[in-house]
1. Sticking with the crude label model, points 7 Å out along Cα→Cβ, report the distance from Val12 to His63 in nm, one decimal please.
2. With a 1.4 Å probe and every protein chain left in place, work out the accessible area per residue of the chain in Å², rounded to a whole number.
3. For His67, what accessible area in Å² do you get when you roll a 1.4 Å probe over the heavy atoms of the protein chains, rounding to the nearest 10?
4. Roughly how many debye, to the nearest 20, is the charge dipole of the range 4-128 about its Cα centre, given +1 on each Lys and Arg Cβ, -1 on each Asp and Glu Cβ, and no other charges?
5. For the chain, what % of the accessible area comes from carbon and sulfur atoms, probe 1.4 Å?
6. Percentage of Cα-Cα pair distances in the range 1-140 greater than 19 Å, rounded to whole percent?
7. What helices in the chain pass both tests, a Cα length along the helix axis of 15 Å or more and a mean Kyte hydropathy of 0.0 or higher, using whole DSSP H runs?
8. For the charge dipole of the chain, defined by +1 on Lys and Arg C-beta atoms and -1 on Asp and Glu C-beta atoms about the Cα centroid, which residue among Trp37, Phe15, His63 has the Cα displaced farthest towards the positive pole?
Amino acid sequence: MIGFGWERCYLVEDFDSPRIRDGEEEDDYLNRKSLYWIERSDACVFVFNAGANNESVGYELKHASDHLPAKLETTLVAIDESGAYASTLVRGHIQRLRNEKKTHLATFHDNETLIKATRNAALGFLRTLAPVLDVRSDPTY
């Protein structure tokens, strides 16, 4: 997003991740790290790619839905329209979120349309986030 003029926009990769704990299994660490960043984000974009194993993305979306309902207002679920992207259970969950108007949903067919959908969603999220972001100093997770 910085390429679009957003100078104070950060991605998870811009920060140091929490460290793995002594004796912590890799799967446990990756789960903890994923939830750590979802819980600290201002906005989330969950991308479901066609033909890919999107189990992790589905798990993260479910966590946000169940434990961080206020975050859904600034969440985009982006779905690759070119094929199967998730199990029926995950698709049903996304449909429920859509029907209840709890989150934003977009479809894409290539990187260009995904970027456009993400940029548009981010602009929309500013209506909610602007008052908070205006007074916040740069994050230092």
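The values are calculated or read from the model by the stated rules, or taken from the named source; none is laboratory data. All of these numbers come straight from a predicted model, not from anything done at the bench. For neighbour counting, all protein chains shown are included, and Cβ atoms are generated from backbone atoms with ideal geometry for every residue, glycine included. Protein only, heavy atoms only, side chains kept; ligands, DNA and RNA dropped before computing areas. Shrake-Rupley method; radii C 1.70, N 1.55, O 1.52, S 1.80 Å.
1. 0.8 nm
2. Details: 9340 Å² over 141 residues.
I get 66 Å² per residue for this part.
3. 120 Å²
4. In total the dipole reaches around 720 debye.
5. Numbers: 4670 of 9340 Å².
Within the chain, the accessible surface is 50 percent carbon and sulfur.
6. Working: 5473 of 9730 pairs.
When all Cα pairs of the range 1-140 are counted, 56 percent exceed 19 Å.
7. Numbers: long enough: 26-40 (21 Å, -1.51); 55-67 (18 Å, -1.10); 88-99 (16 Å, -0.71); 111-135 (33 Å, 0.44).
Span-like helices here: 111-135.
8. Of Trp37, Phe15, His63, it is His63.
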